Amino acid sequence: LNQELIDTAKKRLSQSPEKYPLTHKAYRDIKARAKDFYENVSLSDVPVYTGTNRDEYRPLVHNGLAKTLYPAIVCAFEDKEEYCQKAIDFILAWAEKKGGTRLGEDNEASLTSGGLDISRFFFRYAQAFHLVSPYMSETEKNKVRQWFLELGYQIKKSHKYWIENLDREGANSHLSWHNEGMIIAALYGEDKSLLAYLMNGNRWSYKNLVR
């Protein structure tokens, strides 16, 4: 969701719902979700998860961190700084405690899917971060980028375990999700090593999965 797409959507929203009914409907839904998050969701209700258990992690990230995308979009469209700040508070709380970076380490069975769970939600709060970053200090942004990078390397652990132990399973959604999560981490963290791993020619690497 870059500035060009935002400007296009805002232009459509400035015109009648009859002309662009789907755009108006989608934005009404986003605004309702953003309002609900702003008014009713707090870190005391859905705290940062720093453990290793996937079943404990998923509801906390789904009901809290991942939903920061809604207020972030409204902030970007309407310059509602209070909505941005709510998203920033959640994202920084997770970054400061390195939430999710130990996911899947409780046992080997969890390790195969820990990276999947991180990746499935990653793009939502990464996009939220992108939208609210103009309201953050450089120190805050660097803290988030470092956390993203640590998540990326945790995903890499899952990816490597899958390749070494479950390669016989063939193409699997885990592998494509792993690649998506790692590429988000590598780009935001500006990490050439992780990016090189994605392009290393292994048959389950990003380079070959998208070919």
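Below, the figures for the structure above:
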| quantity | calculated |
| --- | --- |
| Members of region 12-36 found to be of a type in the set (Ser, Thr, Tyr) and outside any helix (DSSP H, G or I), listed by number | SER14, SER16, TYR20 |
| Residue in region 147-158 that is open to solvent by 20 Å² or more (accessible area, probe 1.4 Å), modelled with pLDDT of 85 or more and among the aromatic types (Phe, Trp, Tyr) present | yes |
| Unmet criterion (only one of (1) modelled with pLDDT under 95; (2) crowded, with 18+ Cβ neighbours inside 10 Å; (3) part of a helix (DSSP H, G or I)) for LEU166 | (2) |
| Flag if VAL144 is assigned to a helix (DSSP H, G or I), closer than 26 Å to GLN3 by Cα and more than 12 Å from the chain's Cα centre (by Cα) | no |
| Residue count for region 14-30, restricted to those that are in contact (Cβ under 8 Å) with a residue 12 or more places away in the chain and open to solvent by 80 Å² or more (accessible area, probe 1.4 Å) | 0 |
| Of all residues in region 146-184 being small (Gly, Ala, Ser) and touching a residue at least 40 places away in the same chain (Cβ under 8 Å), the one that is nearest to ARG120 (Cα to Cα) | GLY181 |
| Test: LEU111 is at pLDDT 95 or above and either under 16 Å from LEU1 (Cβ atoms) or out of contact with any strand residue (DSSP E or B) (no Cβ under 7 Å at 6 or more places or on another chain) (or both) | no |
| Candidate set: region 189-206, residues that are over 12 Å from LEU175 (Cα atoms) and over 18 Å from the mean Cα position of the chain (by Cα); chosen: the one modelled with the lowest pLDDT | GLY201 |
| Residue in region 179-186 that is farther than 25 Å from LEU60 by Cα and open to solvent by 20 Å² or more (accessible area, probe 1.4 Å) present | no |
| Condition met for SER133 (open to solvent by less than 40 Å² (accessible area, probe 1.4 Å), within 24 Å of MET199 (Cα to Cα) and out of contact with any Phe, Trp or Tyr (no Cβ under 6 Å at 6 or more places or on another chain)) | no |
| Count of region 37-67 residues which are farther than 14 Å from GLY100 by Cβ and among the hydroxyl-bearing types (Ser, Thr, Tyr) | 3 |
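The values are calculated or read from the model by the stated rules, or taken from the named source; none is laboratory data. Please read all numbers here as calculations on a predicted model, not as lab measurements. Cβ atoms come from the backbone with ideal geometry, glycine included; neighbour counts cover every protein chain shown. Please note that ligands, DNA and RNA were not included when accessible areas were found on the heavy atoms of the full protein model with its side chains. Shrake-Rupley method; radii C 1.70, N 1.55, O 1.52, S 1.80 Å.
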